[in-house]
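To start, the structure itself, in structure tokens.
The values are calculated or read from the model by the stated rules, or taken from the named source; none is laboratory data. Just so we're clear, the structure is a prediction, and the values are computed from it rather than from any experiment. Cβ placement follows ideal geometry from the backbone for every residue including glycine, while neighbour counts extend to all protein chains displayed. Calculation scope for accessible area: heavy atoms of the full protein, side chains included, ligands and nucleic acids excluded. Shrake-Rupley method; radii C 1.70, N 1.55, O 1.52, S 1.80 Å.
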Amino acid sequence: MTKLSVPKDNFDQTLARFFHEQEKMKLLSPADLRKYLSKKEAAFRKNNPFHPSRQKASALTVEVPRLYAAVAYAMWQYGVIMNAHLTICWRLLGVMNHAWAAELLSRYNHEAAKWLDVGIGDGVERRRVSRRSSGTSALHLFVYVHENAREKGFHTHELMCLPVCRAQAFADWSRDCLGRLAGQRQVDERAVFFSPASAKLKQFKPYEGMRESFAVERQWEWFRYITKSLHPDHMERTPDGYGLRPAREIFGMTHPFMETPPVTCTKLAGYSENIGPAIQRRVEFVSKFDRGDWANLYDGSELDDFRECVAEIREEAREAARQAEMKAIFDRVTI
């Protein structure tokens, strides 16, 4: 008679594994037992995101100078100003795991770069023109900071540069994209919020036709806001190399520092690769902070450097055109 085997359920398997582990531990020497337990603890830390060893302080330190350099480089290299401030409240999107929220932000920015790349000037001919493709294609330039507030929970601030004519379409798409990535059909309007916004219409509306000085000032106000978690004890060495100065004082922080709960994501802040440290080193860009020009961090002179560089390039192009024209004339002369 054939004996039927009944598969064990999860409880039976867990119980059997427990007794097996107990018997195994009895046979171990004290030294081997310590090694065995340390391996178990390491495995537990690896798989448990809320274990104290997986948590890190939510205050910023060395990240702030890097974020500053990324924003300054965007002005210096591309002649743009961060004109949009995105806030994502992950709890309202149903995302409670910090590491997963950070992963979703990375996926969102990857898709956002593709969204902005579509438009006039991308080399694609279209029979129909949608809201997405009705404007000029643009690079996705951004910096972000994760925070873990006591009331709002884990959330993200991101500064970016958007074409004004496509800003509202991008905001609408962003809500849909983040909702889809988080598995939410309906997105709470407080979960994904862009500013500046129209007070009457409650719609995202970047400043248009404003003075450049105002736009620069507004950008750096946002920068100081998203980096307000810079720790008061973090010091930076003075330009002469002999003293130390509080980083909050250097960057002129206007918002008070508040202790916040720890986070379980790997990084607290970041930036797009097209304005990150690697490309800065490639073109030998050095920010005012790294040069020690702390008194002029926010004066916007990077835009003047950009315009000067553009003027030089145009003059070189005109000179090359003149040289080519003269060469063509002499080539036609017969002696």
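Structure summary
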{"read-out": "Filter pass, Gly270 being in a strand (DSSP E or B) and open to solvent by less than 40 Å² (accessible area, probe 1.4 Å)", "value": "yes"}
{"read-out": "Residue that is in contact with a strand residue (DSSP E or B) (Cβ under 9 Å, 6 or more places away or on another chain), buried (at least 16 other Cβ atoms within 10 Å of the Cβ), at pLDDT below 95 and more than 25 Å from Ala182 (Cβ to Cβ), where the choices are Gly121, Gly135", "value": "Gly135"}
{"read-out": "Single residue of Asp299, Asp304, Asp331 found to be more than 30 Å from Ser106 (Cα to Cα) and in a loop (DSSP other than H, G, I, E, B)", "value": "Asp299"}
{"read-out": "Hits in segment 225-246 - residues which are touching a residue at least 40 places away in the same chain (Cβ under 8 Å), part of a loop (DSSP other than H, G, I, E, B) and out of contact with any Pro (no Cβ under 9 Å at 6 or more places or on another chain)", "value": "Thr227, Ser229, His231, Thr238, Pro239"}
{"read-out": "Qualifying residues in segment 238-256 (those that are in contact with a helix residue (DSSP H, G or I) (Cβ under 7 Å, 6 or more places away or on another chain) and surrounded by 13 or more Cβ atoms within 10 Å (Cβ to Cβ)) - the one modelled with the lowest pLDDT", "value": "His255"}
{"read-out": "Filter pass, Met326 being of a type in the set (A, V, I, L, M) and under 30 Å from Trp90 (Cβ atoms)", "value": "no"}
{"read-out": "Residue among Arg318, Arg281 that alone is modelled with pLDDT of 95 or more, out of contact with any Phe, Trp or Tyr (no Cβ under 7 Å at 6 or more places or on another chain), among the basic types (Lys, Arg) and open to solvent by 60 Å² or more (accessible area, probe 1.4 Å)", "value": "Arg281"}
{"read-out": "Single unsatisfied condition, Ala74 versus (1) modelled with pLDDT under 95; (2) touching a helix residue (DSSP H, G or I) at 6+ places or on another chain (Cβ under 9 Å); (3) over 23 Å from Glu259 (Cβ atoms); (4) among the small types (Gly, Ala, Ser)", "value": "(1)"}
